[in-house]
Amino acid sequence: MHPNKERTLVLVKPDGVQRGLIGEVTSRFERVGLKLVAMKMMVADADHIEKHYTLDPEWRRITGEKTIKGYLDKGQTPPSTDPFEITGKILTNLKRFMTIGPIIAMVWEGAHAQKIVKKLTGGTEPLSSDVGTIRGDYVLDSYRMSDQEGRVIRNIVHCSGSEKEAEEEVKHWFKPDEIINYRLVQEQILSDVNLDGILE
């Protein structure tokens, strides 16, 4: 497949929908030249959310180990040294949060779509996300606050973490016939080798 056809998943989470930031999120991806090829609003159920986060069978272990390391790096005591116990609590909180209201699920297409979307979205923790990223510009939350309050971090958007993850997540959220193949005029400017025909 040509790099221009790469696809990735974006979810505007319930906090992003409630704060009226759908347009702000989509405009960031449109302005960089990505193409929206699928979009729907839905209220997900807990089973769908659990499957989303556990598409990678290693997610529970990896996420638990990263969380433990994060605590230790800050000189704090993790709530458990068992990564699976930690991710059990994280998953419970994620299912609660991601099902409290509507979310917007989207598929974006374009050159290096997954990496571009991840860069524009910013790091998982809004406090440490760069200015200019979606999370850095629109959210005040931090791991410290979410840990103290026993909830997941509120960061407006989910985006796929790798090209492999993007492929699996797109299939989880969208049927093939829900993704539309069409052409935008701007695609010629962004990807045509010779820019032929501009002065026709």
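The values are calculated or read from the model by the stated rules, or taken from the named source; none is laboratory data. Remember, it's a predicted structure, so these values are computed and weren't measured experimentally. Reconstructed Cβ throughout: ideal geometry from the backbone, glycine too, with neighbour counts over all protein chains shown.
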Fill in the blank from the handout: Among residues of region 47-72 being at pLDDT below 90 and more than 9 Å from THR87 (Cβ to Cβ), the residue farthest from the chain's Cα centre (by Cα) is TYR71
Exercise for the section: Among residues belonging to region 131-160 that are among the polar types (S, T, N, Q) and at pLDDT below 95, point out the one that is farthest from HIS52 (Cα to Cα). Expected result: GLN148
Problem - Where PHE29 falls short, out of the listed (1) of a type in the set (A, V, I, L, M, F, W, C); (2) in contact (Cβ under 8 Å) with a residue 40 or more places away in the chain; (3) in a loop (DSSP other than H, G, I, E, B) - result: (3)
Practice task
List the helices (runs of 4 or more DSSP H) that sit entirely inside region 85-200 and contain at least 3 residues that are closer than 25 Å to GLY33 by Cβ and touching a residue at least 24 places away in the same chain (Cβ under 8 Å).
Solution key: 113-121, 163-173, 186-191
Handout entry: ASP130 being surrounded by 14 or more Cβ atoms within 10 Å (Cβ to Cβ), closer than 30 Å to PRO79 by Cα and acidic (Asp, Glu)
Key = no
